Amino acid sequence: MPITIGQKSKSDFSNPLGFLSDCHRRIEQFLDVLIEVTSQARGGALNDDQRKGVEVALRYFREAAPKHTLDEEESLFPRMLASSDKAIRAAISSLEGLLEDHKLTDSAHAEVEAIGSRWLSEGILSSESTERFIELLFGLRSTYQRHIAIEENEVFPLARNILSKADLATIGREMAERRSINFKALESNLNALMEAESQ
(Lines give C-alpha, C1' and ligand atoms only; values in the text may rest on other atoms or scores of the structure.)
Protein backbone atom coordinates (compact mmCIF):
# COMPACT_ATOMS: atom_id res chain seq x y z
CA MET A 1 0.00 0.00 0.00
CA PRO A 2 2.33 2.74 -1.24
CA ILE A 3 0.71 5.90 0.13
CA THR A 4 2.40 9.22 0.76
CA ILE A 5 1.21 11.86 3.17
CA GLY A 6 1.86 14.68 0.73
CA GLN A 7 -0.23 13.58 -2.22
CA LYS A 8 -0.95 16.46 -4.57
CA SER A 9 -4.40 17.98 -4.36
CA LYS A 10 -6.48 18.44 -7.47
CA SER A 11 -7.39 21.92 -6.21
CA ASP A 12 -5.21 24.65 -4.73
CA PHE A 13 -6.05 27.43 -2.27
CA SER A 14 -7.58 29.55 -5.02
CA ASN A 15 -10.39 26.96 -4.94
CA PRO A 16 -10.83 26.40 -1.20
CA LEU A 17 -14.04 24.37 -1.50
CA GLY A 18 -12.37 22.06 -4.00
CA PHE A 19 -9.40 21.77 -1.66
CA LEU A 20 -11.71 20.79 1.21
CA SER A 21 -13.23 18.08 -0.99
CA ASP A 22 -9.73 16.83 -1.82
CA CYS A 23 -9.10 16.58 1.93
CA HIS A 24 -12.20 14.41 2.22
CA ARG A 25 -10.73 11.98 -0.30
CA ARG A 26 -7.55 11.74 1.78
CA ILE A 27 -9.54 11.20 4.99
CA GLU A 28 -11.40 8.34 3.30
CA GLN A 29 -8.20 6.90 1.87
CA PHE A 30 -6.20 6.91 5.10
CA LEU A 31 -9.13 5.53 7.08
CA ASP A 32 -9.41 2.72 4.52
CA VAL A 33 -5.69 2.01 5.00
CA LEU A 34 -6.14 1.61 8.75
CA ILE A 35 -9.18 -0.63 8.28
CA GLU A 36 -7.44 -2.77 5.65
CA VAL A 37 -4.29 -3.28 7.72
CA THR A 38 -6.28 -4.08 10.86
CA SER A 39 -8.44 -6.56 8.94
CA GLN A 40 -5.30 -8.26 7.61
CA ALA A 41 -3.13 -8.31 10.73
CA ARG A 42 -5.82 -8.52 13.43
CA GLY A 43 -3.47 -6.97 15.99
CA GLY A 44 -0.56 -9.25 15.13
CA ALA A 45 2.91 -8.37 13.92
CA LEU A 46 2.93 -5.90 11.02
CA ASN A 47 4.97 -6.42 7.88
CA ASP A 48 6.89 -3.47 6.43
CA ASP A 49 4.10 -2.31 4.12
CA GLN A 50 1.48 -2.59 6.85
CA ARG A 51 3.65 -0.71 9.35
CA LYS A 52 4.29 2.06 6.82
CA GLY A 53 0.57 2.31 6.08
CA VAL A 54 -0.32 2.64 9.76
CA GLU A 55 2.45 5.18 10.38
CA VAL A 56 1.45 7.38 7.45
CA ALA A 57 -2.27 7.18 8.18
CA LEU A 58 -1.82 8.01 11.86
CA ARG A 59 0.45 10.92 10.94
CA TYR A 60 -2.15 12.25 8.53
CA PHE A 61 -4.90 12.20 11.15
CA ARG A 62 -2.55 13.64 13.78
CA GLU A 63 -1.05 16.48 11.72
CA ALA A 64 -3.07 17.25 8.59
CA ALA A 65 -6.69 16.40 9.38
CA PRO A 66 -6.95 18.91 12.28
CA LYS A 67 -6.13 21.71 9.83
CA HIS A 68 -9.09 20.61 7.70
CA THR A 69 -11.34 20.88 10.76
CA LEU A 70 -10.03 24.39 11.46
CA ASP A 71 -10.57 25.33 7.80
CA GLU A 72 -14.24 24.63 8.32
CA GLU A 73 -14.70 25.82 11.90
CA GLU A 74 -12.64 29.02 11.68
CA SER A 75 -12.82 30.02 8.02
CA LEU A 76 -15.80 28.54 6.17
CA PHE A 77 -18.65 28.06 8.65
CA PRO A 78 -18.38 31.49 10.37
CA ARG A 79 -18.58 33.28 7.02
CA MET A 80 -21.58 31.22 6.02
CA LEU A 81 -23.32 31.94 9.33
CA ALA A 82 -22.57 35.67 8.93
CA SER A 83 -24.29 35.73 5.54
CA SER A 84 -27.60 37.57 5.27
CA ASP A 85 -28.79 35.11 2.62
CA LYS A 86 -32.07 33.49 3.70
CA ALA A 87 -30.83 30.06 2.61
CA ILE A 88 -28.37 29.95 5.49
CA ARG A 89 -31.20 29.86 8.05
CA ALA A 90 -32.27 26.45 6.77
CA ALA A 91 -28.68 25.19 6.89
CA ILE A 92 -27.92 26.21 10.49
CA SER A 93 -28.95 22.85 11.98
CA SER A 94 -26.75 21.05 9.45
CA LEU A 95 -23.77 23.23 10.37
CA GLU A 96 -24.39 22.66 14.08
CA GLY A 97 -24.51 18.91 13.45
CA LEU A 98 -21.24 19.04 11.54
CA LEU A 99 -19.56 20.86 14.42
CA GLU A 100 -20.81 18.15 16.79
CA ASP A 101 -19.38 15.52 14.42
CA HIS A 102 -16.00 17.23 14.70
CA LYS A 103 -16.03 16.78 18.47
CA LEU A 104 -16.97 13.11 18.15
CA THR A 105 -14.33 12.36 15.53
CA ASP A 106 -11.65 14.25 17.47
CA SER A 107 -12.32 12.02 20.48
CA ALA A 108 -12.31 8.85 18.38
CA HIS A 109 -9.10 9.85 16.60
CA ALA A 110 -7.36 10.45 19.94
CA GLU A 111 -8.13 6.86 20.91
CA VAL A 112 -7.14 5.55 17.47
CA GLU A 113 -3.83 7.39 17.82
CA ALA A 114 -3.20 5.85 21.25
CA ILE A 115 -4.00 2.28 20.16
CA GLY A 116 -2.24 2.59 16.81
CA SER A 117 0.90 4.02 18.40
CA ARG A 118 0.91 1.20 20.94
CA TRP A 119 0.64 -1.32 18.10
CA LEU A 120 3.63 0.26 16.36
CA SER A 121 5.76 0.43 19.50
CA GLU A 122 4.91 -2.95 21.05
CA GLY A 123 4.48 -4.93 17.84
CA ILE A 124 1.16 -6.57 18.76
CA LEU A 125 -2.22 -5.67 20.23
CA SER A 126 -4.34 -7.58 22.69
CA SER A 127 -7.59 -8.99 21.35
CA GLU A 128 -9.49 -6.39 23.37
CA SER A 129 -7.46 -3.52 21.91
CA THR A 130 -7.83 -4.94 18.42
CA GLU A 131 -11.60 -5.13 18.75
CA ARG A 132 -11.75 -1.60 20.12
CA PHE A 133 -9.54 -0.36 17.26
CA ILE A 134 -11.85 -1.98 14.70
CA GLU A 135 -14.92 -0.56 16.45
CA LEU A 136 -13.44 2.95 16.40
CA LEU A 137 -12.39 2.75 12.75
CA PHE A 138 -15.76 1.53 11.51
CA GLY A 139 -17.49 4.12 13.67
CA LEU A 140 -15.34 6.82 12.09
CA ARG A 141 -16.09 5.49 8.62
CA SER A 142 -19.82 5.66 9.28
CA THR A 143 -19.61 9.18 10.72
CA TYR A 144 -17.43 10.43 7.86
CA GLN A 145 -19.71 8.95 5.19
CA ARG A 146 -22.68 10.91 6.53
CA HIS A 147 -20.63 14.01 7.38
CA ILE A 148 -18.91 14.25 4.01
CA ALA A 149 -22.17 13.67 2.12
CA ILE A 150 -23.79 16.61 3.93
CA GLU A 151 -20.83 18.88 3.28
CA GLU A 152 -20.38 18.00 -0.38
CA ASN A 153 -24.07 17.79 -1.31
CA GLU A 154 -25.46 20.61 0.82
CA VAL A 155 -22.92 22.86 2.54
CA PHE A 156 -20.29 23.39 -0.15
CA PRO A 157 -22.86 24.10 -2.93
CA LEU A 158 -24.59 26.57 -0.58
CA ALA A 159 -21.26 28.22 0.21
CA ARG A 160 -20.58 28.66 -3.52
CA ASN A 161 -23.94 30.40 -3.87
CA ILE A 162 -23.92 32.70 -0.86
CA LEU A 163 -20.24 33.60 -0.37
CA SER A 164 -18.60 36.26 -2.47
CA LYS A 165 -15.50 35.59 -4.51
CA ALA A 166 -13.67 37.87 -2.07
CA ASP A 167 -14.84 35.69 0.84
CA LEU A 168 -13.68 32.55 -0.92
CA ALA A 169 -10.33 34.17 -1.73
CA THR A 170 -9.88 35.10 1.93
CA ILE A 171 -10.79 31.58 3.02
CA GLY A 172 -8.17 30.21 0.62
CA ARG A 173 -5.58 32.62 2.00
CA GLU A 174 -6.35 31.57 5.59
CA MET A 175 -6.11 27.91 4.65
CA ALA A 176 -2.68 28.46 3.11
CA GLU A 177 -1.51 30.40 6.16
CA ARG A 178 -2.81 27.64 8.45
CA ARG A 179 -0.36 25.32 6.69
CA SER A 180 2.48 27.87 6.80
CA ILE A 181 2.46 27.97 3.01
CA ASN A 182 3.90 31.01 1.30
CA PHE A 183 1.25 31.52 -1.31
CA LYS A 184 2.94 34.29 -3.30
CA ALA A 185 2.85 31.84 -6.19
CA LEU A 186 -0.92 31.75 -5.73
CA GLU A 187 -1.25 35.51 -5.41
CA SER A 188 -2.17 36.06 -9.05
CA ASN A 189 -5.06 33.58 -8.79
CA LEU A 190 -6.31 35.11 -5.55
CA ASN A 191 -6.00 38.66 -6.93
CA ALA A 192 -7.90 37.62 -10.05
CA LEU A 193 -10.76 36.40 -7.86
CA MET A 194 -10.78 39.69 -5.96
CA GLU A 195 -10.77 41.73 -9.17
CA ALA A 196 -13.61 39.66 -10.65
CA GLU A 197 -15.66 40.37 -7.54
CA SER A 198 -15.19 44.11 -7.87
CA GLN A 199 -16.31 44.21 -11.51
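List pairs: first in the stretch 143-167 and loosely packed, with under 15 Cβ neighbours inside 10 Å, second not in a helix (DSSP H, G or I), Cβ under 9 Å, 6+ apart or cross-chain? Going by the 9 Å Cβ cut-off, the qualifying pairs are Asn161/Asp85. Scanning the stretch 19-51 for residues that are surrounded by fewer than 16 Cβ atoms within 10 Å (Cβ to Cβ) and of a type outside the set (S, T, N, Q) turns up Arg25, Glu28, Glu36, Arg42, Gly44, Ala45, Asp48, Asp49. The set of residues from the stretch 111-141 being among the acidic types (Asp, Glu) and more than 19 Å from the chain's Cα centre (by Cα) comprises Glu122, Glu128, Glu131, Glu135.
Taking the numbered list (1) charged (D, E, K, R); (2) at pLDDT below 95; (3) crowded, with 19+ Cβ neighbours inside 10 Å in turn, Lys184 passes all entries but (3).
Kindly indicate whether any position in the stretch 3-23 is part of a helix (DSSP H, G or I), of a type outside the set (D, E, K, R), in contact (Cβ under 8 Å) with a residue 40 or more places away in the chain and within 21 Å of Thr130 (Cβ to Cβ). It would help to see each step written out before you state the result.
Narrowing the stretch 3-23 to residues part of a helix (DSSP H, G or I): 16-23.
Among the residues that remain, those that are also of a type outside the set (D, E, K, R) are: 16-21, 23.
Retained after the next criterion (residues that are in contact (Cβ under 8 Å) with a residue 40 or more places away in the chain): 16-17, 19-21, 23.
With the extra rule that they be within 21 Å of Thr130 (Cβ to Cβ), the set shrinks to none.
No, every residue in the stretch 3-23 fails to be part of a helix (DSSP H, G or I), of a type outside the set (D, E, K, R), in contact (Cβ under 8 Å) with a residue 40 or more places away in the chain and within 21 Å of Thr130 (Cβ to Cβ).
Scanning the stretch 52-96 for residues that are of a type outside the set (A, V, I, L, M) and crowded, with 16+ Cβ neighbours inside 10 Å turns up Lys52, Gly53, Tyr60, Phe61, His68, Thr69, Asp71, Glu72, Ser75, Phe77, Arg79, Ser83.
The values are calculated or read from the model by the stated rules, or taken from the named source; none is laboratory data. None of these values were measured; they are calculated from a predicted model. All Cβ positions, glycine included, derive from the backbone under ideal geometry; neighbour counts span all protein chains shown.
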